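Read the figures in this text as sums done on the coordinates, not as results from a lab. Being a predicted model, the structure only gives us computed values, none of them experimental. Backbone-built Cβ (ideal geometry, glycine too); neighbour counts: all protein chains shown.
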Amino acid sequence: MSASDPLLRVAQFALAFRTETGLATVLDGVDLEVARGEILGLVGESGCGKSTLVRAILGLMPAGARVLGGRIEFGGQNLLDLDEAVLSRDIRAGRIGFIPQDPFQSFNPLFRVGSQMLEIMRWHAPPEIGRSRSAHRARLLELMERVRIPAPDTALKRFPHEFSGGQLQRLMIAAAIACKPDLVLADEPTSALDVTTQQQILALLEELAREMNTAVILVTHDLGLVAQYCDRVSVMYAGQTVESFSHKRMLEGVRHPYTRLLLDCHPDRAGALRGIPGIVPGIARMPPGCRFGPRCPAVLPICSTQRPKAEMLEADHSVQCWAVSGSIAARVPADA
Amino acid sequence: MSLFIVRRLLLAIPALFGLVLLTFILIHAVPGDPAAVLAGDQATPQQIQALREHYGFDRPILEQFIRYVSQLASGSLGVSYMTQRQISTEIIERMPATFELTLFAMTLATAIGIPLGVISAYFHNRWLDHVLRIISIGGLAIASFWLAIMLQFTFSMELDLLPVHGRLSQGLTPPPFVTGMIVIDSLMAGRLDLFRDAFAHLILPGFALAVAPLATIMRFTRAAVLSTLRREYVFYERAVGYPRLVLMGKYVLRNSLVTPVTQIGLLLGAILGSAVVIEAIFDWPGLGSYAVLSIATADYQATLAVVLIVGCVYALINILVDLVHAAVDPRILEQL
Ligand SMILES: Nc1ncnc2c1ncn2[C@@H]1O[C@H](COP(=O)(O)OP(=O)(O)O)[C@@H](O)[C@H]1O
Ligand SMILES: [Mg+2]
């Protein structure tokens, strides 16, 4: 990727939630980069903070969330500096599109899908599409054709409950790209759908993103999916990005024990990963040192006291793990 | 849909029958002798007994009830013992006054209660919300007859701003009868002077009547908006940048209306009850004061007729509420 000119750069981002027992850090030093037109997979078990990160990028943190530090740079500005009104007007939909996890719950049940999608375009359609409702309608119809909704004309007039989950998610894809954003955030866009539909939806998303040169952050807990569609992968564990690598390192070459375990097992529908013993720690009870330590097969004494630093293994591969850094350190003198 | 209406109308009949039965029993359980009232102070016991036999007051209660119900079934509400006029005629004369008053009060309660509820929810747990909630608790706690008398005392007697009772000032003739509601008829006749006078008469009783339902509507709206705001689709609508006012005023409001609309239906029934008292205080020539008069004179059939009419209106309103639901929510429409 072109590290010089990323579209989105999340740097050392840290976020806490206010809980009964005080502030609990939910994201801690998250680093992430997405280049223009790139599809990034964001992977990790449930509860690792993926959705929280996506919400933070959109500026939609829940009440009681507090930014502890870091930056979210997008198109040259720090999104954390923008207030809600500006984010809503200038960033959402127009520059950063969003595809939700559960299309059944995310369409407003009382409004026709067409009017909901037109509402987005009304406020965020770029000038080249035009300002008129008919121009917006024309664009929507064309997109619905593209996402293979039968009879787009009548579909626009239907209510959400008249569609299947797969169709709703196609509509969500159309809505997300309608205003030609530079980046689309897709938060587990297929986990509410059945397996065959999953593949179709992701293939469609990839096809359209490539065609329009739209960057995508594809959030998932399924590393297998990522292998098919993503250019690069960032792995999150317990609110930290523990490893980032490009597609070609996927099959051999991933180094973090957590990533390796993710590769070895397939998630069930609920997102719990069989094969990795233990669970993701809750935000109020993070272990000291490396957060994966208590579950790690390669754990070292240092892991329980000190947090590993991010290590660049290659230009397209960074990892945070004492076992990995330790083996490098051990190797260096021998090579010299 | 018409099947739905027919079914609901048929279902209302047993309920109304139960209502009449209950009222009948209650009337005969409380002391009061219509024959004695009719005969007057100077009457001899023989005269009273003759009246009793004439009207059948001496018959067993079951027989009286059966006679009354068969009279209803033949389409007659009976004749007033006091005025010797058809009760249906008297009710038709008085109904518009009550409709005018209750509709005005409900419009007031809805038009103020819903926005205040939305504002309260929007500023959830901030000071404005607290202030509004305290006011609404006050509105529920206050006795409407006390409020009515206080309003009369303050605005009519002390400040001399508004008329103290009646529907029109002395010396004014009502406009030609169209709906029977003077504020509407005067507008239709182009008589702004009459409209102003009639409207001034409406304000105090209308407000006294509106306070309790206003507080209820506000509380239900607030609760409904708060629950809507937690919905996934509201998150989506924010994530795709619906402007705040559009989101609250169009989408969230519509999703939140179902509960308050149900309440408005139920409150219309309750308000007809409080109208009895308010009409008596403001000397408002409607069904309420008619009911008070009929109870005071032991005019049983008139009392029963008012109860029955109010019951019918209540049943109709409930059907209407379901139809409004269907209009608001397409999923309900499908079930009708
Ligand atoms: N509003 C909130 N308040 C407190 N804790 C939260 C809130 N939302 C999420 N969390 C916690 O933050 C952690 C990360 O959650 P989330 O971002 O939803 O993870 P993921 O999307 O990876 O499954 C979890 O431990 C979750 O319980
Ligand atoms: Mg999630």
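See the values below:
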item	result
Leading residue at positive end of dipole, the range A:211-312 (Cβ point charges), from A:Cys296, A:Met236, A:Val254	A:Cys296
Measure of compaction for the range B:34-75 (Cα Rg per 2.2 N^0.38 Å)	1.36
Neighbour cut-off at most 11 other Cβ (10 Å), DSSP loop, trypsin sites (Lys or Arg not before Pro), the range A:98-136	A:Arg131
Lys, Arg +1 and Asp, Glu -1 on Cβ, resulting dipole of chain B about Cα centre, debye, nearest 20	1380 debye
Degrees, to the nearest 10: B:127-141 long Cα axis against longest axis of chain B	10 degrees
³J(HN,Hα) computed for each position of the range B:111-120 - Karplus, 6.51 cos²θ - 1.76 cosθ + 1.60, integer Hz, glycine/proline x	5, 9, x, 5, x, 5, x, 5, 4, 4
For chain A, built as a Gaussian network whose Cα springs stay under 10 Å, the top-fluctuating residue of A:Leu23, A:Leu110, A:Leu53	A:Leu110
Net charge dipole size for the protein assembly as shown [Lys, Arg +1 and Asp, Glu -1 on Cβ; Debye, nearest 20]	980 debye
Share, in percent, of DSSP beta bridges within the protein assembly as shown that are antiparallel, nearest 5	65 percent
Long-range amide H partners of A:Leu15 with built H, under 5 Å	A:Val26, A:Leu27, A:Asp28, A:Gly29, A:Leu68
Charge dipole (chain B, unit charges on Cβ, about Cα centre) - positive-most of B:Pro45, B:Val225, B:Met181	B:Val225
Share of alpha-carbon pairs per 5 Å distance bin for the range B:90-284, given as whole %	1, 8, 14, 16, 15, 13, 11, 9, 6, 4, 2, 0, 0
Among B:Ser136, A:Val216, B:Leu26 - extreme Cα towards positive end, dipole of the protein assembly as shown, charges at beta-carbon	A:Val216
Relative contact order (percent, whole number), chain A, Cα cutoff 8 Å, 6+ residue spacing	21 percent
Fewest-first ranking of B:Ile309, B:Ile91, B:Ile332, B:Ile25, using other Cβ atoms within 10 Å as the exposure measure	B:Ile25, B:Ile332, B:Ile91, B:Ile309
In degrees, nearest ten, helix B:45-55 long axis to first principal axis of chain B (Cα)	60 degrees
Relative contact order of the range B:90-284, pairs being alpha-carbon contacts under 8 Å that are 6 or more residues apart, as %	34 percent
Note, ³J(HN,Hα) from phi for the range B:232-237, Karplus 6.51, -1.76, 1.60, rounded to Hz, x at Gly and Pro	4, 5, 6, 4, 4, 4
Overall Cα dimensions of chain B, principal axis frame, Å, largest first	84, 52, 39
Rounded FRET efficiency, nearest 0.05, which uses the C-beta distance separating A:Ala138 from B:Ile92 and R0 of 51 Å	0.35
Ordering of B:41-47, B:223-229 by packing [mean C-beta count within 10 Å, highest first]	B:223-229, B:41-47
Relative contact order (%) - criterion: Cα under 8 Å, at least six apart; region: the range B:1-142	9 percent
